[in-house]
Every structure is written in structure tokens, then in C-alpha cells.
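Colleague: Before I ask anything, let me first share the structure, which is written out below as C-alpha cells.
The values are calculated or read from the model by the stated rules, or taken from the named source; none is laboratory data. Keep in mind it's a predicted model, so treat the numbers as computed, not measured. Glycine also receives a Cβ, built like all others from the backbone with ideal geometry; neighbour counts cover every protein chain displayed.
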Amino acid sequence: MMKDVIISIKGSDGDENIELMTDGRFGVKNGSYFLTYDETEMLGMGKVKTSIYVKPDSSVIMQRTGAVESRLVVEEGKRSVCAYNTDVGELLIGISGESVKTNLTADGGDISMKYTIDSNLKLVSRNTVKISVRGVK
């Protein structure tokens with residue numbers, strides 16, 4: 001069952017920091033946590049829905065649909081090749097998970113990730129993302 005939540009996201013790619021607070025939906029099914037929210041025009045994403053899945057092994061899948069299409073998999077100690085689709089074409093990127101920490105319950109909690117993005121095996125960015133999920137009071 002999905003419930004309404006407030007989502008706080010703080011991220012950095014080394015050059016730029018973002019901070020976003022938005023409403024969304026959160027739920028649990030078969031031991032996996034699901035989180036969805038709409039991106040804001042302020043971030044230049046247009047109409048995009050972001051879904052985050054946290055699996056029981058603490059791997060995280062971040063999927064975007066709409067004006068930007070992507071599916072990024074972050075697993076600690078592993079590299080995944082992911083497609084990032086934009087209006088100008090598709091880009092294959094590597095995502096290497098450095099750390100993934102989750103502290104989630106059916107009421108919400110926190111996700112913290114550090115990962116790198118590469119293109120053609122050349123480092124593009126080193127990223128940190130912290131997501132907090134809190135129930136609407």
C-alpha cells in the first residue's frame with residue numbers, strides 16, 4: 001500500500017549541489033521499498049516521474065520516465081551499464097556504486113548513496129545523494 005510522504009533530496013556531483021523537497025508516494029512490497037515523485041520544472045527536467053526502488057539487498061534502482069528516460073542501478077562494489085535517454089539521443093553510462101546505506105521502515109527513513117558515473121570508462125562525476133522520506137502529518 002502506497003502512502004503520501006514528504007521527500008527531501010540532497011545531492012552533489014562535486015561541482016554542483018542540489019536540494020529538493022517535494023511530496024511523493026512511498027510503500028513496501030515483498031521486502032522492497034518503492035518511492036515515487038514528480039520532478040520539478042525548476043530542475044529543468046520538464047514532465048518527469050522518478051521512481052526509486054530499494055531492494056532487500058540494499059541495491060537501488062532510480063528510474064525516470066517522461067521527458068527524460070533513464071534507469072540507473074546503484075549497487076555497492078559493482079558497476080552497472082545504464083541507458084540515459086534524452087531528446088537528443090541515448091547515452092550509455094557506467095554507474096559504480098561506492099556505498100549504499102539504507103535505513104527504511106514502513107514509515108519512511110533514509111537512503112544514502114555514493115557512486116561514480118563514467119562514459120567510455122572515463123570518469124564523468126563522483127556523486128553523493130541523501131534521500132529522506134517522512135510521512136505526512
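Colleague: Go through the stretch 1-18 and give me each residue that's in contact with a Gly (Cβ under 8 Å, 6 or more places away or on another chain) and closer than 30 Å to VAL124 by Cα.
Modeller: Selection gives ILE7, ASN17, ILE18.
Colleague: Something else now. Specify which of the listed residues (GLU76, GLU98, GLU69) is of a type in the set (Asp, Glu), in contact with a Lys or Arg (Cβ under 7 Å, 6 or more places away or on another chain) and within 18 Å of ILE117 (Cβ to Cβ).
Modeller: Just one listed residue meets the conditions, GLU98.
Colleague: Taking ILE52 as meeting all but one of (1) surrounded by fewer than 17 Cβ atoms within 10 Å (Cβ to Cβ); (2) in contact (Cβ under 8 Å) with a residue 12 or more places away in the chain; (3) not acidic (Asp, Glu), write down the number of the exception.
Modeller: Against the list (1) surrounded by fewer than 17 Cβ atoms within 10 Å (Cβ to Cβ); (2) in contact (Cβ under 8 Å) with a residue 12 or more places away in the chain; (3) not acidic (Asp, Glu), ILE52 comes up short only on (1).
Colleague: Can you name every residue in the stretch 82-128 that is surrounded by fewer than 12 Cβ atoms within 10 Å (Cβ to Cβ) and of a type in the set (Gly, Ala, Ser)?
Modeller: Passing the criteria: only GLY89.
Every residue, every condition in (1) hydrophobic (A, V, I, L, M, F, W, C); (2) more than 12 Å from the chain's Cα centre (by Cα), yes or no:
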{"position": "GLU19", "(1), (2)": "no, yes"}
{"position": "ASP23", "(1), (2)": "no, yes"}
{"position": "GLY31", "(1), (2)": "no, yes"}
{"position": "LEU35", "(1), (2)": "yes, no"}
{"position": "GLU39", "(1), (2)": "no, no"}
{"position": "VAL54", "(1), (2)": "yes, no"}
{"position": "SER59", "(1), (2)": "no, no"}
{"position": "GLN63", "(1), (2)": "no, no"}
{"position": "LYS78", "(1), (2)": "no, yes"}
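Colleague: Based on what the data block shows, is THR128 more than 16 Å from the chain's Cα centre (by Cα) and of a type in the set (Ser, Thr, Tyr)?
Modeller: no
Colleague: So, one more: Have a look at GLU16, GLU39 and point out the one that is at pLDDT below 90 and not aromatic (Phe, Trp, Tyr).
Modeller: Just one listed residue meets the conditions, GLU39.
Colleague: Failed condition for SER59, given (1) under 21 Å from THR116 (Cβ atoms); (2) surrounded by 12 or more Cβ atoms within 10 Å (Cβ to Cβ); (3) touching a strand residue (DSSP E or B) at 6+ places or on another chain (Cβ under 6 Å), with all others met?
Modeller: Single failed check for SER59: (3).
Colleague: Still on this structure, I have one more. Exactly one of these conditions fails for THR22: (1) in a strand (DSSP E or B); (2) closer than 22 Å to GLY97 by Cβ. Give me its number.
Modeller: It fails just one condition, (2).
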